[in-house]
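Working notes, beginning with the structure itself.
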Amino acid sequence: MKLIDRDGRLFGKISILDVIVLVVAAVLVAAVYLKNQMPQTGGTVSTVPVVYQMRLQNQPQEMLEAIQVGDQLFDPARSTGGSLGEITEIQVSDGTNQASLDDGTVAMVPAQGYYDLLLTIEGQALVESDGTVLLNRVYALGVNSNRTFTTKYASFVGRVMNIQIPQGDPEQ
């Protein structure tokens with residue numbers, strides 16, 4: 001008895017193409033099983049809570065109504081696929097503009113109908129050994145960075161004023 005007959009069958013019973021398809025299917029099943037069942041290598045990285053404040057200058061009255069405590073913060077230009085934190089506090093003060101006065105001096109004067117907002121935001125971040133804060137594990141956050149941020153109902157340019165890592169976290 002021949003190994004492969006003239007019709008291309010192995011031992012005269014099964015087609016050699018069928019054998020190849022079965023071997024490929026078995027390899028794929030084994031690969032999927034090993035990927036899902038074998039322990040993953042590498043260490044786990046944990047995040048820590050981070051509190052940061054952002055200043056919004058000279059915002060109209062409508063912005064006061066659009067931004068609320070509990071809103072999630074996002075950056076559409078640097079999408080991470082997740083929230084950059086939750087607004088926990090909003091402090092409001094009168095807006096100001098720099099103006100040239102009649103006597104030739106420059107001063108900050110009230111901007112009628114506009115307000116400065118100081119948002120306090122809590123989020124989760126990785127804190128690297130050099131002090132770099134990565135919100136949502138990938139979004140680099142730095143003091144004095146101006147960026148466009150959004151909430152559910154608002155879009156605004158904000159400047160990060162400070163970043164705090166609460167005491168007692170292992171990363172400090």
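Dividing the Cα radius of gyration by the Kirkwood radius, what Rg/Rh value follows for the chain? Show your work: numbers first, answer last.
Numbers: Rg = 29.8 Å, Rh = 21.0 Å.
Over the Cα atoms of the chain, Rg/Rh equals 1.42.
In the stretch 67-109, the inverse of the mean reciprocal separation of distinct Cα atoms equals 13.9 Å; this is its Kirkwood hydrodynamic radius. Summarising the label geometry, the points placed 7 Å from Cα in the beta-carbon direction at VAL157 and GLN37 lie 5.8 nm from one another. You can think of it this way: the chain between ALA30 and ASN146 has 36.7 nm of extra reach, that is 0.36 nm per residue less the Cα-Cα gap.
Where the convex hull is taken over the Cα atoms of the stretch 86-159, what is its projected area averaged over directions, in nm²? Don't jump to the answer; show the numbers that get you there.
Numbers: hull surface 29.1 nm².
For the stretch 86-159, averaging the hull's shadow over all directions gives 7.3 nm².
Across the stretch 130-138, computed HN-Hα scalar couplings (Karplus, 6.51 cos²θ - 1.76 cosθ + 1.60, θ = phi - 60°) run 8, x, 5, 9, 10, 5, 6, 6, 9 Hz from first to last residue, x flagging Gly and Pro. Highest GNM mean-square fluctuation among LYS35, LYS13, LYS152, for the chain modelled with Cα contacts below 10 Å: LYS13. If one takes the longest principal axis of the Cα atoms in the chain, at what angle in degrees, from 0 to 90 and to the nearest 10, does the Cα axis of helix 16-37 lie? Between helix and principal axis, roughly 40 degrees. Let's test the formula: R0 of 25 Å, r as the Cβ-Cβ distance of ASP130 and GLU86. What FRET efficiency results, to the nearest 0.05? Here the calculated transfer efficiency is 0.40. Counting only protein heavy atoms and a 1.4 Å probe, the chain has 68 square angstrom of accessible area per residue. Here r is the Cβ-Cβ distance between ALA99 and GLN68 and R0 is 25 Å; the resulting FRET efficiency, rounded to 0.05, is 0.20.
Considering only THR105, THR150, THR120, the mean-square fluctuation computed in a Gaussian network model of the chain, springs between alpha carbons under 10 angstrom, is largest for THR105. Packing here is the average count of other Cβ atoms within 10 Å per residue, and on that basis the peptides 63-70, 49-56, highest first, run 49-56, 63-70.
Out of the total accessible area of the chain (probe 1.4 Å, heavy atoms of protein only), what percent is carbon and sulfur? Walk me through the numbers on the way to the answer.
On the way: 6290 of 11630 Å².
Looking at the chain in its full context, I get 54 percent from C and S.
Order the following by accessible area, largest value first: PHE74, PHE149, PHE11. Probe radius 1.4 Å; ligands, DNA and RNA are ignored.
Numbers: PHE74 80, PHE149 0, PHE11 105 Å².
My answer, sorted largest first, is PHE11, PHE74, PHE149.
The values are calculated or read from the model by the stated rules, or taken from the named source; none is laboratory data. Note that the coordinates shown come from a computational prediction; the quantities given were computed from them, not determined experimentally. Quick reminder, even Gly has a Cβ in these numbers, built from the backbone with ideal geometry, and neighbours come from all protein chains shown. For accessibility, only protein heavy atoms count, side chains too; no ligands or nucleic acids. Shrake-Rupley method; radii C 1.70, N 1.55, O 1.52, S 1.80 Å.
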